[in-house]
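One structure is given here, and the rest of the page talks about it.
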Amino acid sequence: MNNGIKHVFFDLDHTLWDFDKNSGLTFKKIFELNNINIELGTFLKVYEPINLKYWKLYREERVSKPDLRYGRLKEAFDTLGVSVKDDMINHLSEAYIDYLTTFNHLFEGAIEILEYLQYKYHLHIITNGFEEAQERKMQNSKIRSYFKTVTNSEMVGVKKPNPKIFNYALNSAEANPNESIMIGDSLEADIAGAQKVGMRTIHFDYKDVHNGDGNVRVKQLKALINHL
């Protein structure tokens with residue numbers, strides 16, 4: 001797999017940075033601070049698929065950043081039958097962003113694999129996340145220094161899987177697609193998107209739900225050693 005590879009591009013959320021764990025801790029904090037009396041596990045079970053739906057709409061340019069941040073909370077509360085006023089939803093959405101980057105759990109093996117790869121390849125990030133939040137996540141979790149370039153959707157104006165963001169990242173990295181590989185959790189955004197511009201891919205299938213789809217995949221980050 002590593003024949004000719006010089007550049008390794010990573011997704012950030014759900015690939016290196018453990019979004020679900022950090023997000024859950026954030027909701028626990030802001031619910032306590034604002035006296036929102038909802039059992040956390042019940043809320044997260046409803047919220048997480050709604051959040052993924054809104055991110056898909058955001059990728060497809062069907063909702064704005066403010067719509068995403070408000071809508072995912074509003075829909076989750078409505079689904080649970082909990083009445084929360086718009087002012088509080090807007091406050092919670094802002095508090096969520098403020099506190100999210102104070103929790104910085106990475107996936108098991110993230111630091112170890114970055115330490116291993118940094119001496120063999122140029123490492124880069126391509127993320128659909130919001131610029132200010134992604135930068136804080138990387139700084140606070142102490143992984144920013146591993147990456148030569150960071151490309152986010154806000155600076156490019158499009159989101160993965162749009163080829164423009166991959167081409168922008170490749171140009172920034174001074175990398176050719178045939179010497180580059182993309183590692184990410186999303187088959188749609190990361191894997192299909194990168195393949196369309198000629199990059200090789202490794203699917204980080206940490207939930208182990210996509211066996212047999214023909215893509216190179218790993219279930220744990222440390223398994224990347226077997227491919228790179």
For a test of the definition: using alpha carbon positions, the gyration tensor, and the 1.5 limit on a/c, classify region 54-132 as rounded, prolate or oblate.
prolate
Which value, in Å² and to the nearest 10, is the accessible area of Ser83 when all protein chains are kept and the probe is 1.4 Å?
120
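Rounded, prolate or oblate: which one fits region 90-228, using the alpha carbon gyration tensor with axes a ≥ b ≥ c (rounded when a/c is under 1.5, else prolate when a/b beats b/c, else oblate)?
On the way: a/c = 1.41, a/b = 1.25, b/c = 1.13.
Judged from the Cα gyration tensor, region 90-228 comes out rounded (a/c under 1.5).
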Quick check: residue separation of Ala192 and Lys148 times 0.36 nm, minus the Cα distance between them. What number comes out in nm?
13.5 nm
Just the accessible area per residue of region 119-189, please: how many Å² with a 1.4 Å probe?
42
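Under a point-charge model restricted to the Cβ atoms of Lys and Arg (+1) and Asp and Glu (-1), what is the dipole moment magnitude of region 39-157 relative to its Cα centre, in debye to the nearest 20? Don't jump to the answer; show the numbers that get you there.
Values: 16 positive and 18 negative charges, 63 e Å.
Taking the Cα centre of region 39-157 as origin, the dipole is about 300 debye.
State the percentage of accessible surface on region 30-187 attributable to carbon and sulfur atoms; use a 1.4 Å probe and exclude ligands, DNA and RNA.
On the way: 3790 of 7750 Å².
Within region 30-187, the accessible surface is 49 percent carbon and sulfur.
Set the bar at 29 Å for Cα to Cα. Now go through Lys29/Lys160; Lys28/Lys148; Lys6/Lys65; Lys85/Lys160; Lys74/Lys137; Lys65/Lys120 and name every pair that lies beyond it.
Lys29/Lys160; Lys28/Lys148; Lys6/Lys65; Lys85/Lys160; Lys65/Lys120
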Hey, if you put +1 on the Cβ of every Lys and Arg and -1 on every Asp and Glu Cβ in the chain, which of Ile89, Leu16, Pro163 ends up farthest toward the positive end of that dipole?
Pro163
Under the rule of at least 5 residues apart or a separate chain, name every residue whose amide H is placed under 5 Å from the amide H of Thr151.
Ile125, Ile126, Thr127
Could you sort 34-45, 84-95 so that the peptide with the highest average Cβ count within 10 Å comes first and the rest follow in order?
84-95, 34-45
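Can you give the local net charge around Glu154? Use residues other than it whose beta-carbon is closer than 10 angstrom to its beta-carbon, Lys and Arg +1, Asp and Glu -1. All intermediate terms of the calculation are to be shown ahead of the outcome.
Values: positive: Lys65, Lys159; negative: Glu131, Glu132.
Around Glu154, the charge tally is 0.
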Excluding ligands, DNA and RNA, what is the solvent-accessible area per residue of region 1-115 at a probe of 1.4 Å, expressed in Å²?
49
Sequence of His122, His7 when ordered by accessible area, the most exposed leading, probe 1.4 angstrom
His122, His7
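What's the ranking of 10-22, 214-226, 102-114, 165-177 by average number of surrounding C-beta atoms within 10 Å, highest first?
Going by the mean number of other Cβ atoms within 10 Å, highest first, we get 10-22, 165-177, 102-114, 214-226.
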Rule-of-thumb check for region 1-141: C-alpha Rg over 2.2 N^0.38 Å?
1.18
Karplus-derived 3J(HN,Hα), 6.51/-1.76/1.60, for each residue of region 164-175, Hz, glycine and proline x
4, 6, 5, 5, 4, 5, 5, 5, 4, 7, 6, 10
Per-residue SASA entry for Arg144, accessible area with 1.4 Å probe, Å² rounded to 10
60
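What is the sum of charges around Ile202, taking Lys and Arg as +1, Asp and Glu as -1, for the other residues whose C-beta is under 12 Å from the C-beta of Ile202?
The answer is -1.
The values are calculated or read from the model by the stated rules, or taken from the named source; none is laboratory data. Since we're looking at a predicted model, the values are computed, not measured. Cβ: placed from backbone, ideal geometry, glycine included. Neighbour counts: every protein chain shown. Remember, those area values only see protein heavy atoms, side chains included, never the ligands or the DNA or RNA. Shrake-Rupley method; radii C 1.70, N 1.55, O 1.52, S 1.80 Å.
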